[in-house]
Amino acid sequence: MAFIKLKNITYTYPLAKEPALRNMSCELERGKFYGVIGENAGGKTTFCNLLRGLIPHFYRGELEGEMTIDGQEIRNIDVDILSTQIGYIFQNPFTQISGVKKTVFEEIALGMENLGVPKEEIIQQVIEIAELVKIEDLLQKDPNQLSGGQRQKVAFASIIAMDTDVFVIDEPTSQLDPQGTESIFEIIDKLKKQAKTIILVEHKIDLVAEYADELIVIGQGEILAKGDVHQVLSDFSLQTRGVMFPQAALLSKALSEKGFDFPNIPVTKSECIQMLKERMR
Ligand SMILES: Nc1ncnc2c1ncn2[C@@H]1O[C@H](COP(=O)(O)OP(=O)(O)O)[C@@H](O)[C@H]1O
Ligand SMILES: [Mg+2]
């Protein structure tokens, strides 16, 4: 059974002239990794706000259509309970930091504290997660003194500390260098192997294509495409709708225009190399 279901969802922010989401219908399953891509201002963050119940519980405006999470109508869901089931990393790392804690250590511990996790366990968890996210050196720092990239890592650590079944992650690497980005993807991959459900908004398409199971393409408030990564990235017409394609797919397209056909569209470097090797034989 689908875990999250949207049926004809249209949502308009308060005072906005146009809906930010238009007639969206889709189903998300547990245990899958969904990459959400698409043009700027297309509605990706709004979609995340909906998945986390912030629409309609925090953002008022007008919501039409039906949506359920785990069988419960979104309008009737208790958002505090939902926050213990769905972890959300906001796009802006500056809104994520609580502002009430003096050290990064306490900041990461905050969610567990609220859940009543025993102190010993909290300490051990924070240390483990800090190692995983490679922020051991930040633990005693003031969260308000961090750079954007450091905040992003701390926000990420805080949310995985909550150990929810579902993670909605909105552009977690926008402030990170390639190395930091790679390590975030490695951690997301670990979460995936623990059968977590992941919904990740991310522009770095080469990495998304490598790790995600499915892609959801959002543009002008609509779902333009949804499906298996290979299936979605075989449709090059999406290029005209603001979708970036992986290098491997673009290379195969350029080569097939020169008469060098691929059996199907490669989306990662290693797939591309494999296909080229087979072709050369
Ligand atoms: N709080 C808000 N109030 C009014 N309009 C908003 C708000 N947040 C976003 N929007 C509008 O909704 C549309 C979708 O935005 P957003 O979901 O942030 O897109 P994306 O994350 O894909 O860049 C945009 O036109 C944006 O201006
Ligand atoms: Mg956004």
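Data for the structure
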| item | result |
| --- | --- |
| Label-point separation, Arg30 to Arg241 (7 Å along Cα→Cβ), nm | 3.1 |
| 5 angstrom amide H check on Phe33, placed H, neighbours 5+ away | Ile198, Asp213, Glu214 |
| For the range 20-25, 3J(HN,Hα) per residue [Karplus equation, 6.51 cos²θ - 1.76 cosθ + 1.60, θ = phi - 60°, Hz, x = Gly/Pro] | 8, 10, 10, 6, 7, 10 |
| HN-Hα J in Hz across the range 247-258 - Karplus 6.51, -1.76, 1.60, θ = phi - 60°, x for Gly and Pro | 3, 4, 5, 5, 5, 5, 5, 4, 5, 6, 5, 9 |
| Three-way shape label, the range 1-83, alpha-carbon gyration tensor, a/c 1.5 | oblate |
| Long-range HN-HN contacts of Thr10 with modeled amide H, under 5 Å | Asn23, Met24, Glu64, Gly65 |
| Cα pair distances of the chain binned at 10 Å [whole percent] | 6, 27, 32, 23, 9, 2, 0 |
| Acute angle (nearest 10 degrees) that the helix 269-280 long axis makes with the longest principal axis of the chain, alpha-carbon atoms | 20 |
| Long-range amide H partners of Gly227 with built H, under 5 Å | Leu215 |
| Using θ = phi - 60° and Karplus 6.51 cos²θ - 1.76 cosθ + 1.60, couplings along the range 201-211 (whole Hz; Gly, Pro as x) | 8, 7, 8, 6, 5, 4, 6, 4, 4, 6, 9 |
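Just so you know, all these numbers are worked out from the coordinates, no wet-lab data involved. Everything numeric here is computed off the predicted structure, so don't read it as measured data. Neighbour counts are summed over all protein chains in view; Cβ atoms, including those assigned to glycine, are modelled from backbone coordinates with ideal geometry.
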